[in-house]
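Written out below as structure tokens is the structure these notes cover.
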Amino acid sequence: MAGGLFFVLLVLDQLVKGLVTLTMTPGESVPVIKNFFHITYVLNPGAAFGILPHQSWFFILAGAAMIAVFCFYYPKLKQHCAYFHYGCVALLSGAVSNLIDRVRSGLVIDFFDFRVWPVFNIADIAIVLGVISMIYAILYKEKDTDE
């Protein structure tokens, strides 16, 4: 199941990014719910909120290191509760999808635009939900298994 989650998130993000790239020009914005939610094609040169712009090599190396660490620890990871295990998988899937963008062009394609928050993508959602799931597991579920 973890492999399925990884590939569904990865493929979904890459497909939507491909669709945005094929049908829109950078900077173009299409209102879905006017003044609330738009699809906006943004090429992000940095990390979350655009921090560390144009540091592609740093992000590529960090992504490669993350993949290596994940693969090394995966046998132990499967012993943790599902919230932690699948949270790590979601986090990795999002990181790999954004890494694909960085390797391809040095930029990450973002498109969800709620007008009150920086534009983001499906990979970013996977990363955030993965981290939330891991934190939840650490604070509440991992303690349950220790007792």
Of (1) at pLDDT below 95; (2) over 19 Å from residue 78 (Cβ atoms); (3) of a type outside the set (S, T, N, Q), residue 141 fails just (2)
Discussion item. Can you confirm whether residue 65 is aliphatic (A, V, I, L, M), touching a Pro at 6+ places or on another chain (Cβ under 8 Å) and either closer than 30 Å to residue 139 by Cβ or surrounded by 11 or more Cβ atoms within 10 Å (Cβ to Cβ) (or both)?
Written reply: no
Only one of (1) farther than 22 Å from residue 128 by Cβ; (2) more than 20 Å from the chain's Cα centre (by Cα); (3) at pLDDT below 90 does not apply to residue 80, and that is (1)
Of the residues in the stretch 20-42 that are among the aliphatic types (A, V, I, L, M) and in a strand (DSSP E or B), the one that is farthest from residue 111 (Cα to Cα) is 33
From the option list 107, 43, single residue qualifying as buried (at least 16 other Cβ atoms within 10 Å of the Cβ) and modelled with pLDDT of 90 or more is 107
Contact list, first residue from the stretch 1-29 and aromatic (Phe, Trp, Tyr), second anywhere and surrounded by 11 or more Cβ atoms within 10 Å (Cβ to Cβ), beta-carbon distance below 9 Å, six or more apart or interchain, is 6/89; 6/90; 6/92; 6/93; 6/96; 7/93
Restricted to the stretch 43-83 and to residues being assigned to a loop (DSSP other than H, G, I, E, B) and either among the β-branched types (Val, Ile, Thr) or touching a Lys or Arg at 6+ places or on another chain (Cβ under 7 Å) (or both), the residue farthest from residue 105 (Cα to Cα) is 81
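The values are calculated or read from the model by the stated rules, or taken from the named source; none is laboratory data. Note that the structure is a prediction, hence the values are computed from the model and not measured. Positions of Cβ are generated from backbone atoms using ideal geometry, with glycine treated the same way; all protein chains shown enter the neighbour counts.
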